[in-house]
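Since the structure comes first, as structure tokens, the remarks are kept for the end.
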Amino acid sequence: QDFVNAHKEDENKTIIIDSAEKLLDLKNTNPFKEFLSILIQNNWKIIFTTRGDYIDVLNTDFFEIYNIAPINIHLQNIDKNQLQDLSEKHSFKLPKDEKLFELIKNPFYLSEYLKYYKMDEDLDYEGFKNRLWKKNITKTNPPRSECFQKIAYLRSNAGNFFVSPDCESSILNELVKDGILGYEDDKGYFITHDIYEEWALEKIISKEFFQKDNNQSFFNKIGQSLPIRRGFRNWISEQLLLKSNDVKSFIEEVIGDDNVDQSWKNEILISILLSDYSDYFFNNFKDLLLKNNQELLKKVTFWLRIACKEVDEDFFKQLGLKNVDLSTLKYVLTKPKG
């Protein structure tokens, strides 16, 4: 309130909330709800930034929790024709791997690709991702990678922006110097690149998966924080995309294991429904899906309705709605996704 009063006479008032996907980690949304409400009442313009992967779930949260309907402004990636034109104009080779080709439509990844690719090699998605990690995080010094993973895991469990990791000060200083970490006095270290933080969590999940004694010990080791669960879902989806047989067997084991917590099964089911693996799953799990009066099928149907949808933005655009209190509307229309 003091902050708002201090700027009461200003004509153009804008607040930027960067990396808005972090709002999804909040356990208690009331303080931010109040903050948002006060800003809107005092005619502040609010700009949220987030990556495309989170826009659908953020839209849903804004509607259902914060009672606002933000206008979505998509910063488009480079399209296929533009990328091919750039390739011809500047004489660089485009990858044959479809997933990597899609990735470098984003200018951040295109920049990294041009730094590290070699003209005579055919780099794939997984190889590019590993190379990026080695060049930017590890840098021929494995303890750097271990330290960064430790920080990402610590942050995911603590739920705090700043952390005080148990790492060598020389490594922490290097990561700060390279712009991977930031540091503020009396607060601690923070991660500057969300994408590297997510990759770190996926690396932790992958490492624990291949070192696991059994499925239950694997889930116990990675923990149940929201960032870890989101990382687990991304990791499962990626492994399905890469057609990993280990993960396919793992899914089959977990789905039929009564000792595994249902929340992990739900994460797996959602990942399947959003992947190209879904047809394989339905064909091969037909008996299990129909068993016990279609118990599993009903769960799948529930998550299909809850997690595999996005807000139908076209509907709101046609009505010219923006920043409205959706509690005044009877329905928020969605469309299927996945």
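The values are calculated or read from the model by the stated rules, or taken from the named source; none is laboratory data. Remember, predicted model here, so these are calculated numbers, not experimental data. Note: ideal-geometry Cβ built from the backbone for every residue, glycine included; neighbour counts use all protein chains shown. Keep in mind that these areas ignore ligands, DNA and RNA; they rest on the heavy atoms of the full protein, side chains included. Shrake-Rupley method; radii C 1.70, N 1.55, O 1.52, S 1.80 Å.
The table below gives the values:
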item	result
Identity of the residue in segment 10-38, touching a residue at least 60 places away in the same chain (Cβ under 8 Å) and touching a Gly at 6+ places or on another chain (Cβ under 9 Å), that ends up nearest to residue 51 (Cα to Cα)	25
Residue 323 being at pLDDT below 85 and not hydrophobic (A, V, I, L, M, F, W, C)	yes
The lone exception for residue 102 - which of (1) within 30 Å of residue 83 (Cα to Cα); (2) at pLDDT below 90; (3) crowded, with 17+ Cβ neighbours inside 10 Å; (4) within 18 Å of the chain's Cα centre (by Cα) it fails	(3)
Every pair of residues 6+ apart whose Cβ atoms lie under 6 Å, when the first sits in segment 151-166 and is over 19 Å from residue 221 (Cβ atoms) while the second is open to solvent by 80 Å² or more (accessible area, probe 1.4 Å) and part of a strand (DSSP E or B)	none
Selection status of residue 219, closer than 30 Å to residue 283 by Cα, of a type in the set (A, V, I, L, M, F, W, C), assigned to a helix (DSSP H, G or I) and touching an Asp or Glu at 6+ places or on another chain (Cβ under 9 Å)	yes
Every residue from segment 34-58 that is open to solvent by less than 80 Å² (accessible area, probe 1.4 Å) and either among the basic types (Lys, Arg) or in contact with an Asp or Glu (Cβ under 7 Å, 6 or more places away or on another chain) (or both)	49, 50, 51, 54, 56, 58
Helices (runs of 4 or more DSSP H) contained entirely in segment 1-99, each with at least 1 residues that are within 22 Å of the chain's Cα centre (by Cα), at pLDDT below 90 and under 30 Å from residue 242 (Cβ atoms)	55-64
Cβ pairs under 6 Å, 6+ apart, first in segment 254-275 and among the aliphatic types (A, V, I, L, M), second open to solvent by 50 Å² or more (accessible area, probe 1.4 Å)	269/303; 270/303; 273/304; 273/338; 274/338
Whichever residue in segment 256-280 is over 22 Å from residue 310 (Cα atoms) and assigned to a loop (DSSP other than H, G, I, E, B) and, among such residues, is least open to solvent (accessible area, probe 1.4 Å)	260
Residue satisfying all of: in segment 207-234; closer than 16 Å to residue 150 by Cα and buried (at least 17 other Cβ atoms within 10 Å of the Cβ); farthest from the chain's Cα centre (by Cα) among these	222
Subset of segment 100-113 (residues that are assigned to a helix (DSSP H, G or I) and in contact with a helix residue (DSSP H, G or I) (Cβ under 6 Å, 6 or more places away or on another chain))	100, 103, 109, 112
Residues of segment 35-72 satisfying the condition of being basic (Lys, Arg) and within 23 Å of residue 2 (Cβ to Cβ)	45
Identity of the residue in segment 281-306, of a type in the set (Phe, Trp, Tyr) and open to solvent by 50 Å² or more (accessible area, probe 1.4 Å), that ends up modelled with the lowest pLDDT	282
Which numbered condition residue 290 fails, given (1) part of a helix (DSSP H, G or I); (2) under 28 Å from the mean Cα position of the chain (by Cα)	(2)
Residue within segment 165-172 that is part of a helix (DSSP H, G or I), at negative phi and surrounded by 14 or more Cβ atoms within 10 Å (Cβ to Cβ) present	yes
Filtered residue count, segment 137-172, keeping only those that are of a type in the set (D, E, K, R) and within 20 Å of the chain's Cα centre (by Cα)	2
Members of segment 142-164 found to be surrounded by fewer than 18 Cβ atoms within 10 Å (Cβ to Cβ) and over 27 Å from residue 103 (Cα atoms), listed by number	143, 154, 157, 158, 159, 160, 161, 162, 164
